[in-house]
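The values are calculated or read from the model by the stated rules, or taken from the named source; none is laboratory data. Just so it is clear, the structure is predicted and the values come from calculations on it, not from any experiment. Ideal geometry is used to build each Cβ from the backbone, glycine not excepted, and the neighbour counts take in all protein chains shown.
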Amino acid sequence: MSQQDNPRAVPNALPVGYRFNEFEIQQVIGGGGFGIVYRAFDHQLKRTIAIKEFMPLSLAVRNDELKLVLRSERFSKSFHAGLNSFIQEARLLARFNHPNLLHVLRFWVQNDTAYMGTQYYSGNTLALLQAQRPELINEAWIRSLLPPLFGAINTIHREGYLHRDISLENIQIQENMSPVLLDFGSARKAIGNLSDETETMLKPGFAPIEQYSDNNESEQGPWTDIYALGAVLHTLIIGSPPPVSVVRSIEDSYQPLGAVRPAGYSLPLLQAIDRALMLKPEDRPQSIDQLAMLMALSVDGPEQPAASKATAPTGLPQPAAEVVKAGRLVIPARLRVPCLIAAGVVAGTLIGALMHGGGDQEAEPVSVAPAVSADVLPGPSASAGVAALTPPAPPEPIAQVYIKLVSGDEVWLNSSQQALVPAANGFARLQLPPGEYQFSITNQGKRREQKITIDREGTWLLSSPL
């Protein structure tokens, strides 16, 4: 979630300064037909987060007590169906652990509606980026963007879910050009199904024919999201989405990119997009892996473990305490991943991706001051009678580093060994303030090293094992 829209253009928004316990609204980021997004400050953990509020403008308004009230009682069923879907979406996103999916920190019910607190993201949506910096968009840039997006979508599909709302507005591009896949289309779909306005709830050009069908549940599958992703790529290359799928079903005026051959784009990429945009679901690639193969690309990002069966917490729970073991801080098994710049340590490759996620436990990452061990707890002075000087507060962490570890790996940061315990997917995480960092990972006499410079907000992933 990013800062992008004029807050005055968002009706019914909560006022700046409004508090949800430790969360204080600082800015209205933006809003649409189904929700409002705020930038907020977490006074307990001293960090910026984003808060999304369920606010379907066609169904409800805000009263003087800042609660939501229905415009009419006949909207009650649609409103509560959308509200329930919003909550279920928050639970779902809180369970996923993938670097390029929106990460939900927690959710709660208040003001007769629901909220989800998420990681705060810099940058803009892909739609705004295309409008503001069209010179960036070429085949090389698109190919760098796709692997992390493939990984995010694949994570959803492998757990038996669909996104159903992939578009330029729902792909966030960080300042470091890393992507993250935002909101699902769950609340929009639930309201549309009950209000007989399904067509108005879909994005023309991005929704495949099966999303308009009365029997859409049985016809939708990974190919549904693949069509929408193809429409995103078509829009980036041509400047406009493909014709609306229901119109294509009557008279198909789609001009294959492989025949148009826009300058600067290879035929294999264009033909793969054409395949993704086939009108009939069975004619499209049936999985993200198949689409990636057509484009000769990899599906990037860490492997996604099975989603936790535990219910994500409601209300506003206190943050989990840091775990102490043998005088060291140990990173628990949960990784929350707001953004990603994947750096292949052995190959020396660096690619961008945004991180989210969830696991079986919730815990804060370990903050590390420059040239100091990430997880050794400072103790009192060993000399009796000598008053310990109060050290100055370390710089606030601005970046997160994810490290792919295998059994036997030992991690050293600026010559200080780190006691890191990876999650089930093999990734451990550190939070670092600005500075120069030298990572060394040793295993059975072999060593790999990577030097990074942190001078802005972002995330780095040391991902290549020995």
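Quick check, is residue 75 in the same structural domain as residue 47 (by TED's automatic domain parsing) and part of a helix (DSSP H, G or I)?
Working: in the same structural domain as residue 47 (by TED's automatic domain parsing): yes; part of a helix (DSSP H, G or I): yes.
Spelling it out, residue 75 is indeed in the same structural domain as residue 47 (by TED's automatic domain parsing) and part of a helix (DSSP H, G or I).
Condition check ((1) over 21 Å from the mean Cα position of the chain (by Cα); (2) modelled with pLDDT under 60) across all residues:
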| residue | (1), (2) |
| --- | --- |
| 172 | no, no |
| 179 | no, no |
| 186 | no, yes |
| 205 | yes, no |
| 219 | yes, no |
| 230 | no, no |
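Here's a check for you: in segment 1-13, which residue that is within 24 Å of the chain's Cα centre (by Cα) and at pLDDT 50 or above is surrounded by the most Cβ atoms within 10 Å (Cβ to Cβ)? Only one residue tops the list, namely 13. Selection of segment 118-158 for residues being touching a residue at least 40 places away in the same chain (Cβ under 8 Å), part of a helix (DSSP H, G or I) and small (Gly, Ala, Ser) yields 127, 144, 151, 152.
State whether the residues of segment 146-153 include one that is surrounded by 23 or more Cβ atoms within 10 Å (Cβ to Cβ), under 28 Å from residue 62 (Cβ atoms) and at pLDDT 90 or above. No, that holds for no residue. Among the residues making up segment 283-298, a single one is of a type in the set (Asp, Glu) and free of Cβ contacts under 8 Å to residues at least 12 places away in the same chain: 283.
I'd like to know if segment 58-77 contains one or more residues that are out of contact with any His (no Cβ under 9 Å at 6 or more places or on another chain) and under 18 Å from residue 184 (Cα atoms). There is no residue in segment 58-77 that is out of contact with any His (no Cβ under 9 Å at 6 or more places or on another chain) and under 18 Å from residue 184 (Cα atoms).
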